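See structure below.
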Amino acid sequence: MLEFVIAGSGAGKTYHVCNEIINKSIENPDGNYIIIVPEQYTLQTQKEMVRLHPANGILNIDVLSLLRLAYRVFDELGKKNNIVLEDTGKSMILRKVMELKKDELRIFRNSIRKQGFVSEMKSVISELYQYSVTPDKLEYIINHIEDNSNMVNKFSELLIIYKGFKEYLQNKYITNEEVLDILCDIIDE
């Protein structure tokens, strides 16, 4: 069942939803209920559910973020989980890829060792993943930029780094940004 609860701030939406789920979980103790909330609200919502529940416990109610839900689905389906890279891992791999590709880089070559460059490149790569910009799409953009050779050169070097990063990750690692895409691919299972 899908239900939208729409009201202004402070109108009691969370209270209404929590009480409805608690009542259903009491009526059907063999059922399992999942509340999906943003990552930063999982603990707060769990505490609120325990506080509101007459038994002060939520045995058949799970409060999950979308990422936690994805991991739960992967586990239940027995899907092999590749290692999910956190920001530090991404930065380390990016530094290695840029060092390996430095002979192909003219503009970025001297910046590789500068403080903050790898972090900025990591942010750019993360955004490319978040907005589903594949290397092919980036290459298309490069081929359609008019009259700006500096931008073309920078995007071309970004493409070299992006392809190298994706090649390095292939079949070993995934990024946080890919977890939900993988979930979408297997959700019907």
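Some observations on this one:
- Extension gain, Ser123 back to Leu59 (0.36 nm per residue minus Cα-Cα distance, nm): 19.1 nm
- Once the Cα gyration tensor of the range 68-130 is diagonalised, semi-axes √(5λ) in Å: 32, 12, 9
- Protection proxy ranking, peptides 138-148, 18-28, 158-168, average beta carbon neighbours within 10 Å, highest first: 158-168, 18-28, 138-148
- log10 of Debye I(q)/I(0), alpha-carbon scatterers only, for the chain at 0.09 Å⁻¹: -0.52
- Placing +1 on the Cβ of every Lys and Arg and -1 on the Cβ of every Asp and Glu, with no other charges, gives the chain a dipole of roughly 920 debye about its Cα centre.
- Surface/4 estimate of mean projected area, convex hull on alpha-carbon atoms of the range 1-66, nm²: 4.7 nm²
- Classified by the C-alpha gyration tensor, the range 110-189 has an oblate form. Its axis ratio a/c, with a ≥ b ≥ c, is 1.5 or above, and a/b does not exceed b/c.
- Accessible surface for the range 87-140, divided over its residues, is 65 Å² per residue with a 1.4 Å probe.
- Full extension of the chain between Val133 and Val73 yields a length gain of 19.0 nm, computed as 0.36 nm times the residue separation minus the alpha carbon distance.
- In the chain, Cα pairs under 8 Å separated by at least six residues give a relative contact order of 22 percent.
- Sorting the segments 118-131, 47-60 by their mean number of nearby beta carbons within 10 angstrom, highest to lowest, gives 118-131, 47-60.
- Within the range 1-73, chymotrypsin sites (Phe, Trp or Tyr not before Pro) in DSSP loop having at most 15 other beta-carbon neighbours inside 10 Å: Phe4
- Modelled label positions at Asn110 and Ile36, each set 7 Å beyond Cα in the direction of Cβ, lie 4.9 nm from each other.
- Accessible-area composition of the chain, carbon plus sulfur, in percent [1.4 Å probe]: 51 percent
- Here the range 9-51 is assigned +1 on the Cβ of each Lys and Arg and -1 on the Cβ of each Asp and Glu. Its dipole about the Cα centre then comes out at about 160 debye.
- Taken per residue, the accessible surface of the range 31-75 reaches 62 Å², heavy atoms only and a 1.4 Å probe.
- Heavy atoms of Ser91 accessible to a 1.4 Å probe, total area in Å² rounded to 10: 30 Å²
- The range 74-117: GluC sites (Glu not before Pro) in DSSP coil with no more than 14 other Cβ atoms inside 10 Å: Glu86
- Proximity of backbone amide H atoms, modeled 1.01 Å from N, is registered between Thr175 and Leu85 at under 5 Å, excluding neighbours fewer than 5 places apart on the same chain.
The values are calculated or read from the model by the stated rules, or taken from the named source; none is laboratory data. For clarity, every value in this text was computed on a predicted model and none was experimentally measured. All Cβ positions, even for glycine, are placed from backbone atoms using ideal geometry, and neighbour counts span all protein chains on display. Accessible surface is based on the protein model in full, side chains and every heavy atom, while ligands, DNA and RNA are left aside. Shrake-Rupley method; radii C 1.70, N 1.55, O 1.52, S 1.80 Å.
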